[in-house]
1. Name the residue that is modelled with the highest pLDDT, counting only residues in region 180-210 that are of a type in the set (G, A, S) and assigned to a helix (DSSP H, G or I).
2. Scan region 92-110 and tell me whether some residue there is over 17 Å from the mean Cα position of the chain (by Cα), buried (at least 19 other Cβ atoms within 10 Å of the Cβ) and of a type in the set (K, R).
3. Name every residue in region 33-57 that is in a loop (DSSP other than H, G, I, E, B) and touching a helix residue (DSSP H, G or I) at 6+ places or on another chain (Cβ under 8 Å), in order of residue number.
4. Give me the helices (runs of 4 or more DSSP H) completely within region 62-179, filtered to those with at least 1 residues that are at pLDDT 90 or above and within 27 Å of G334 (Cα to Cα), ordered by residue number.
5. Find the residue count for region 268-277, including only residues that are in a helix (DSSP H, G or I), modelled with pLDDT under 85 and under 27 Å from the mean Cα position of the chain (by Cα).
6. Can you tell me which residue in region 182-206 is surrounded by the most Cβ atoms within 10 Å (Cβ to Cβ), limited to those that are of a type outside the set (A, V, I, L, M, F, W, C) and under 22 Å from E146 (Cα atoms)?
7. I need the full set of residues from region 149-179 which are out of contact with any Gly (no Cβ under 8 Å at 6 or more places or on another chain) and charged (D, E, K, R), in order please.
8. Give region 211-267 a look and list any residue that's surrounded by fewer than 21 Cβ atoms within 10 Å (Cβ to Cβ), of a type in the set (S, T, Y) and either modelled with pLDDT of 95 or more or touching a Cys at 6+ places or on another chain (Cβ under 7 Å) (or both), or say none.
Amino acid sequence: MTKIRTSSAEIISAPLVIFFAFTLNARLTKLFLSGYNLYDTKRILEILLLVGIGLMLLLSNKERHSWLGIFSRLTLQTRLLIAGIFILGTISSIAAPIPRDAFLSLSHVGLLFIFTLFIAAQRRRFSDSYDKILLLIIVLSVIIYEGEFIRIFISYIVQERVFYFHPLFENTRFLCQFQTWTLPLITLPILLTQESTPGRRKLIFLSILLIAGIWWGIAIANGSKGSLLGQLVGWAGIAIIFRGRSKKWLLIQLYALLAGLLIYFTVFIPELRYDNFSAFAQSLLSRMALWEQALQLIKDNPLLGAGPLHYAYFRNPYAAHPHNSMLQIASEWGIPVLLMISLLAVTNFTTWVKRISENPIHISLTASLLAAAFHSLFSGVLTMPMSQIMMCVVIGWMYGIHQPLQIRSNSSPDTKTGRVFIPIVLLCIGGVVLGIFPEVFSLTELGEEWLNNHERFEEHAAYNPRFWFQGWLR
């Protein structure tokens, strides 16, 4: 009898597997979180994942030491920038009109940072085997969603009802943000099985091409300009960075795109009963208005911003966030924080680019980050729960792969870092828990109450997702 062995890497990955399984499967979601809309469900699951990881680090000496090892090996500049961001964020939260909501956002960002380094620590600890686990999780996540998509798609065709190409997501943009991160990654199995037998290579190629083709077909049908242009930016970045070494990777992406176009024109177009591309002018007009409001907030609060989450405090006719990552950070956290984050991003990405090889995983992660960074300039990539988790996974994965590039030699977790870590994690968990209770138990009622008491300027009242589906701060 063959024994099935479960490795430590697989066990430690279970929370992430559960998160994607529940967020991308309607029946699992309804089983445990009935009564919540699709957006709030994903936010609750995200909070459970982040708080769960935080508690794991508090309770497990081994996991905590691994996390501290990653943090203590960051360059001094990186650690100072991170400390400066959170210090200024704390001051901004104290000065915000609603400190409780500001600290909720600050604590949430803290948990996202902790989760990012958690992924990096696991990659460093389990090496290449963790690459396979993360890739398997992402591919299975896409398969789970595509299975749900096909089931609902067929059901709507049989019933001759209008089908919108983003089931399980409240808005097509939220799905497109998730796709922006994952489109460059799902073809990786093709590139990682070059040494397999010809028969196995062919089977993997055709299977992954079908999965990627459906994924591309859905992305094209949803018509997100930011997502599709983001993929082109990612491809262009790869061509510039890797030059001739990227030919095979780019060719596989082209095959996936062509498969997506084939599926789109032969299967999806007959059932595509609305035009996603017709709203381009209106979308551009609304973004201009959102950006103008963000610029006014920056002008009024250049140093500390209006406060974390507080773009949603000043109402406008369109949305509770500015649909631009740089303007969002500057308007809510202040220009100094934007400069710190920009310096952090540029220096670390430059270091990554200087040392990476033509390894398909390195190429795909680079393309994913570039695509999402571009998309974030036009959408809430930094704001929505699924996209936030993918951001942590991709950046943490990159840190874990070439973490030695970001370290000081012969460094180890120091006692001071260990002493400060536990209170910070507790504060982040406490800030999130206190920020969502008791409202989390009555989100639907509170949202309906808001709609009944507030008119949306000259139109009817509507939901504006931010932290929750009804995102305006009260």
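1. S207
2. Looking for residues that are over 17 Å from the mean Cα position of the chain (by Cα), buried (at least 19 other Cβ atoms within 10 Å of the Cβ) and of a type in the set (K, R), one finds none in region 92-110, hence no.
3. G35, Y36, N37
4. It comes to 76-95, 99-126.
5. Matching residues across region 268-277 total 2.
6. P184
7. Scanning region 149-179 gives R151, E160, R161, E170.
8. Within region 211-267, Y255 is the sole residue that qualifies.
The values are calculated or read from the model by the stated rules, or taken from the named source; none is laboratory data. All of these numbers come straight from a predicted model, not from anything done at the bench. So basically every Cβ, Gly included, is an ideal-geometry build from the backbone, and we count neighbours across all protein chains shown.
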